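Input: a single structure, listed below in structure tokens.
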Amino acid sequence: MDLNYSSVKNKNGYIAFSGIALLLVMAIACMPDPLPVKGLPTVKQQIVVSTQIIPDESLVVLLTKSFSALDADSDTDPEELLNEIGVNDAQVTVSGPAGTYRLNFLRFGFYGGINIPFEPGETYTLTVKSLSLGDVQATTTVQSQITFDQIDASLYFNGFDDTLAQVTYQFNDPPNKNYYMINVQEVEQEDIIQNAINPNAYTKIMTDEDFQGQNFGETFRVFPREYEPGDTIAVTLSNISSEYYDFIEKRIDNRYSFIEFLGEPVNYPSNVVGGKGFFNLYIPDIRFFVLEE
């Protein structure tokens, strides 16, 4: 059963927190396991940046403080953690060919802006000025959106008492070089914050080396999550930059934990000058499914 995507803005122009949680899965998926290291010197806190465009010319930015992996673990309460590490004192702007747009502070380090005319192929700069942590800046180019031509999702019984999600899809690849990320995430409306912080999302990446300029399709099964009839999932297709592809590729084999991602040290590529994380401007194609027997 395919569900329609709906806008995540409310009447006041603010971005609904539930929509933020789902879309940030693409920004903070594939987080690394912590290393059992002791006696590390204290590292100066930095701003960690995660971003995601919503398909209605809105932008969501999550700003957090980096912290030691010894300061929190998987048992840490997500809401309490975000309350502690969210950067809530920043002025955040995005500048592009059409001008500069200020983002509104929402909650827990989330900032949002609406009606920003993001144009594929154009370059935009994110500027963050925090009273407590200083300034960071990042520049990136908007990626063209690629959409599913066909997609379906269902339950798959593997014969070993495991029930997996199976996804079948097709899309048309443009002739230029492209890099893709596909995410599958269970949507649990009653636990929005937990979704955002520890999404346990399935993520796969690929290039178009073997099908450049052609129609591509496949069927894959989602591991290691076990699903049940009635579960709702979101499947997203994103055309990402080569730099972000390299960033995800270095983390794709690790466990997913937002907490560990924010811990120090984080030895992964970043396009954030003076901070960590990644400034992305890609527009995901999002499809919702209720898994049925």
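The values are calculated or read from the model by the stated rules, or taken from the named source; none is laboratory data. Since the model is a prediction, treat every value here as computed from it, not as a measurement. Every residue, glycine among them, receives a Cβ derived from its backbone with ideal geometry; neighbour counts consider all protein chains shown. Accessible surface areas use protein heavy atoms only, side chains included; no ligands, DNA or RNA. Shrake-Rupley method; radii C 1.70, N 1.55, O 1.52, S 1.80 Å.
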Quick one: which residue in ALA90, ALA138 is free of Cβ contacts under 8 Å to residues at least 60 places away in the same chain and over 24 Å from ALA234 (Cβ atoms)?
ALA90
Members of the stretch 95-104 found to be closer than 15 Å to SER130 by Cα and open to solvent by less than 90 Å² (accessible area, probe 1.4 Å), listed by number
LEU103, ASN104
Under the condition of being small (Gly, Ala, Ser) and touching a residue at least 24 places away in the same chain (Cβ under 8 Å), which residue from the stretch 105-132 is most open to solvent (accessible area, probe 1.4 Å)?
SER132
Among the residues that make up the stretch 147-154, is at least one of them within 30 Å of PRO97 (Cβ to Cβ), modelled with pLDDT of 95 or more, open to solvent by less than 20 Å² (accessible area, probe 1.4 Å) and in contact with a Lys or Arg (Cβ under 9 Å, 6 or more places away or on another chain)?
yes
